[in-house]
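For reference, the structure discussed in these notes is given below.
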Amino acid sequence: MNSTGNIFVVTAPSGAGKTTLVAALLAADKQIQLSVSYTTRAPRDGEIPGVHYHFVDRASFDQLKARGDFLESAEVYGNGYATSERWIREQLSTGRDILLEIDWQGAQQVRKVFPEAVGIFILPPSVETLEERLRRRGKDSEEVIQNRMAIVRSEIDHVAEFDYVIINEELDLAIHDLISIVRAERVRTKKQLQKRATQITAMKSNG
């Protein structure tokens, strides 16, 4: 596909601070657009349909999936999540950079269609930090906490599949790292020769 846009895939175990980092990136860089996922889960307080997620029932979700509308899809804690492939292609064709907040399963599916996608894995300082956060909330049973921690460790097993790893130990530094990755990827030679072909050719000796 001839396009000048980049796809950034940001993945992290629950509680690692991914949402905060992505929000900071989007606020700092207006050239990148967040992909709005489809989900079968119910909206949470403050979530706006079409802004945070496209909320659909299970029947509609399964129909869209069967029709091949999704670039990737995954089941997380019993709920379906997916990304529209048509929307992604439309945005990339206009030169827009797209950011996907998805899990490692979704990242694998995206790479099959867009092998050039840039994968970024966000890690917490330690899994103990995440467990402590869950316990402080006081909302989950010991069984639920242990199940979630097992899932976290299984997610982290896939860290080597990604291009970049950010350890969210100091928030400001992690935000800086994420912004720097996005900006560095835009000025790779291949991208610049594609996006700025006329400008660069005019400066060559045979231009």
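The values are calculated or read from the model by the stated rules, or taken from the named source; none is laboratory data. None of these values were measured; they are calculated from a predicted model. When we count neighbours, we look across all protein chains shown, and the Cβ atoms used for this are built from the backbone with ideal geometry, even at glycine.
Where residues in the range 121-138 are hydrophobic (A, V, I, L, M, F, W, C) and part of a helix (DSSP H, G or I), which of them is nearest to residue 19 (Cα to Cα)?
Only one residue tops the list, namely 130.
Within the range 7-42, the set of residues being under 11 Å from the mean Cα position of the chain (by Cα), among the polar types (S, T, N, Q) and in a helix (DSSP H, G or I) comprises 19 only. Touching a Gly at 6+ places or on another chain (Cβ under 6 Å) and within 27 Å of residue 154 (Cβ to Cβ), is that true of residue 61? So residue 61 fits the description; yes. Just give me the residues in the range 79-119 being in contact (Cβ under 8 Å) with a residue 24 or more places away in the chain, out of contact with any strand residue (DSSP E or B) (no Cβ under 8 Å at 6 or more places or on another chain), of a type outside the set (S, T, N, Q) and part of a helix (DSSP H, G or I), in sequence order. Scanning the range 79-119 gives 87, 89. Cβ-Cβ distances below 9 Å connect the following pairs, each with a first residue in the range 1-14 that is modelled with pLDDT under 95, a second residue that is among the β-branched types (Val, Ile, Thr) and part of a loop (DSSP other than H, G, I, E, B), and a separation of six or more residues or different chains: 3/94; 4/94; 5/94. Which of the residues that make up the range 189-207 are without any contact (Cβ under 8 Å) to a residue 12 or more places away in the chain and surrounded by 11 or more Cβ atoms within 10 Å (Cβ to Cβ)? Across the range 189-207, the qualifying residues are 192, 193, 196, 197, 200, 201.
Within the range 156-186, the set of residues being in a helix (DSSP H, G or I), surrounded by 13 or more Cβ atoms within 10 Å (Cβ to Cβ) and of a type outside the set (Lys, Arg) comprises 156, 159, 161, 174, 175, 176, 177, 178, 179, 181, 182, 185. Set side by side, the residues 130, 123, 71 differ, and just one is over 24 Å from residue 182 (Cα atoms) and aliphatic (A, V, I, L, M), which is 130. The set of residues from the range 130-167 being touching a residue at least 40 places away in the same chain (Cβ under 8 Å) and among the β-branched types (Val, Ile, Thr) comprises 151, 152, 156, 165, 166, 167.
In the range 30-48, the condition of being of a type in the set (A, V, I, L, M, F, W, C) and closer than 16 Å to residue 117 by Cα is met by at least one residue. With respect to the numbered conditions (1) surrounded by fewer than 15 Cβ atoms within 10 Å (Cβ to Cβ); (2) out of contact with any Gly (no Cβ under 8 Å at 6 or more places or on another chain), which one is the sole condition not fulfilled by residue 21? For residue 21, the failing item is (1).
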